[in-house]
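Below: the structure, in structure tokens.
The values are calculated or read from the model by the stated rules, or taken from the named source; none is laboratory data. As the structure is a computational prediction, the values presented were derived from the model and not from experiment. FYI the Cβ positions are ideal-geometry reconstructions off the backbone, even for glycines, and counts take in every protein chain you see.
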Amino acid sequence: MKKKNIFVKLTALVLVVMATQISYAQDVAKNIEKDVAEGKKIYQQNCVFCHQADAIGKPGFAPSLSNEELLSIASDDFLYRTIFNGRIGTSMIPFKHLGGKKIYQIIGYLRSLTTKPNRSKEVEAQHDSHGDARLGKIWFEDICATCHGVKGDGYLSGSTGTAIGNKNFLKVVSDGFLRETIKHGRSNTRMLSFSGPTGLANLSDGEIEDIIAYIRTFY
Ligand code: HEC
Ligand code: HEC
């Protein structure tokens, strides 16, 4: 009799725990949905002027934030710190005043604009470049400076590429992120792929490492 009682109580407990888990999962799903809607609202109020509707960007003015290659390699930490601290010296001003919760809601909204899997963990864990900055300088000035400026100051130099020599960018970006961007480019923007026969220039892996090493000398 006693044993049966315990059994009934245990079964009841398990059922309660399972029910709580199901409703917890439903709550999380609802919250994410709510956060995306909330994030979109905050985006419309603060970011749409520069980054445009659906975050598609505008060449020479503000980069696309819905770009699938960007979102697949950018970690939440990269996006958070970029939004929080801005990129001093560019029109990407800091948005600290929004506070952490709202910034994460914007990130949730941006992530909802892509279906490509987020591989930022693997990208950030890639090795650092051991390239030769002196060789990288030649490539950079030959190929990249046209769009990013000789010192990597981006739009300020009157071109369409972003400020890849900017201190706030280089502080938060990993060599893996730089490597993936140079190799694969960003679809529907002027940042094309720079490796392989279909690339804008068929750079070898070693040459890409040299360019990364050179970019690191900016800050
Ligand atoms: C006044 C224009 C302006 C506004 C408003 C603005 N941005 Fe930007 N944003 C820029 C520019 C310009 C850049 C590129 C800076 C550079 O040259 O590196 C940028 C870059 C970024 C990047 C880095 C993208 C990349 O490709 O690495 C993120 C993320 C970003 N902005 C998010 C936001 C969010 C979120 C908001 C709203 C809270 C916002 N921005 C508001 C102009 C703006
Ligand atoms: C034809 C112009 C063009 C050339 C040449 C070019 N880029 Fe870009 N690059 C861009 C644009 C435009 C973007 C931002 C995409 C956007 O506007 O959404 C970008 C983005 C990047 C980013 C990401 C920066 C960020 O803010 O997140 C890196 C890194 C980069 N380029 C490196 C390079 C390197 C290295 C070279 C030379 C091998 C190069 N690019 C050549 C136009 C160019």
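Taking the criterion of being assigned to a helix (DSSP H, G or I) and closer than 30 Å to residue 36 by Cβ, would at least one residue in the range 130-153 satisfy it?
Step one: of the range 130-153, the residues assigned to a helix (DSSP H, G or I) are 133-148.
If we keep only those that are closer than 30 Å to residue 36 by Cβ as well, we get none.
Looking through the range 130-153, none of the residues is assigned to a helix (DSSP H, G or I) and closer than 30 Å to residue 36 by Cβ.
Does the range 113-126 hold any residues that are surrounded by fewer than 17 Cβ atoms within 10 Å (Cβ to Cβ) and part of a helix (DSSP H, G or I), and which are they?
The answer is 121, 122.
Of (1) surrounded by fewer than 20 Cβ atoms within 10 Å (Cβ to Cβ); (2) farther than 21 Å from residue 200 by Cα; (3) more than 11 Å from ligand 2 (Cβ to nearest atom), residue 129 satisfies all except one. Which?
Every listed condition holds for residue 129 apart from (1).
Being outside any loop (DSSP other than H, G, I, E, B) and polar (S, T, N, Q) is the filter here, so list the residues in the range 180-206 that pass it.
Filtering the range 180-206 down to residues outside any loop (DSSP other than H, G, I, E, B) leaves 180-184, 205-206.
Residue satisfying the conditions is 181 alone.
Report the residue count in the range 78-136 for those that are in contact with a Leu (Cβ under 6 Å, 6 or more places away or on another chain) and within 17 Å of residue 44 (Cα to Cα).
Within the range 78-136, the subset in contact with a Leu (Cβ under 6 Å, 6 or more places away or on another chain) is 107, 110, 114.
Checking the rest, the ones that are also within 17 Å of residue 44 (Cα to Cα) come to 107, 110.
Residues in the range 78-136 being in contact with a Leu (Cβ under 6 Å, 6 or more places away or on another chain) and within 17 Å of residue 44 (Cα to Cα): 2 in total.
Quick check on my filter: what residues within the range 154-179 are assigned to a loop (DSSP other than H, G, I, E, B) and at pLDDT 95 or above?
Going through the range 154-179, the residues assigned to a loop (DSSP other than H, G, I, E, B) turn out to be 158-166, 173-174.
161, 162, 163, 164, 165, 166, 173, 174 - these are the residues of the range 154-179 that are assigned to a loop (DSSP other than H, G, I, E, B) and at pLDDT 95 or above.
Looking for something of a type in the set (Phe, Trp, Tyr), crowded, with 21+ Cβ neighbours inside 10 Å, touching a helix residue (DSSP H, G or I) at 6+ places or on another chain (Cβ under 8 Å) and closer than 21 Å to residue 215 by Cβ - is there at least one such residue anywhere in the range 102-112? Can you show your working first?
Narrowing the range 102-112 to residues of a type in the set (Phe, Trp, Tyr): 104, 109.
Next, from what is left, pick out any that are crowded, with 21+ Cβ neighbours inside 10 Å: 109.
Add one more test, that the residue is touching a helix residue (DSSP H, G or I) at 6+ places or on another chain (Cβ under 8 Å), and what stays is 109.
Add one more test, that the residue is closer than 21 Å to residue 215 by Cβ, and what stays is none.
No, there is no match, as no residue in the range 102-112 is of a type in the set (Phe, Trp, Tyr), crowded, with 21+ Cβ neighbours inside 10 Å, touching a helix residue (DSSP H, G or I) at 6+ places or on another chain (Cβ under 8 Å) and closer than 21 Å to residue 215 by Cβ.
Restricting attention to the range 40-87, and to residues there that are hydroxyl-bearing (Ser, Thr, Tyr), in a helix (DSSP H, G or I) and within 10 Å of ligand 1 (Cβ to nearest atom), which single residue is farthest from the chain's Cα centre (by Cα)?
Applying the first criterion (hydroxyl-bearing (Ser, Thr, Tyr)) to the range 40-87 yields 43, 64, 66, 72, 75, 80, 82.
With the extra rule that they be in a helix (DSSP H, G or I), the set shrinks to 43, 72, 80, 82.
After this cut, where a residue has to be within 10 Å of ligand 1 (Cβ to nearest atom) as well, the list is 43, 80, 82.
Numbers: 43: 16, 80: 9, 82: 9 Å.
Once the filter is applied, the top-ranked residue is 43.
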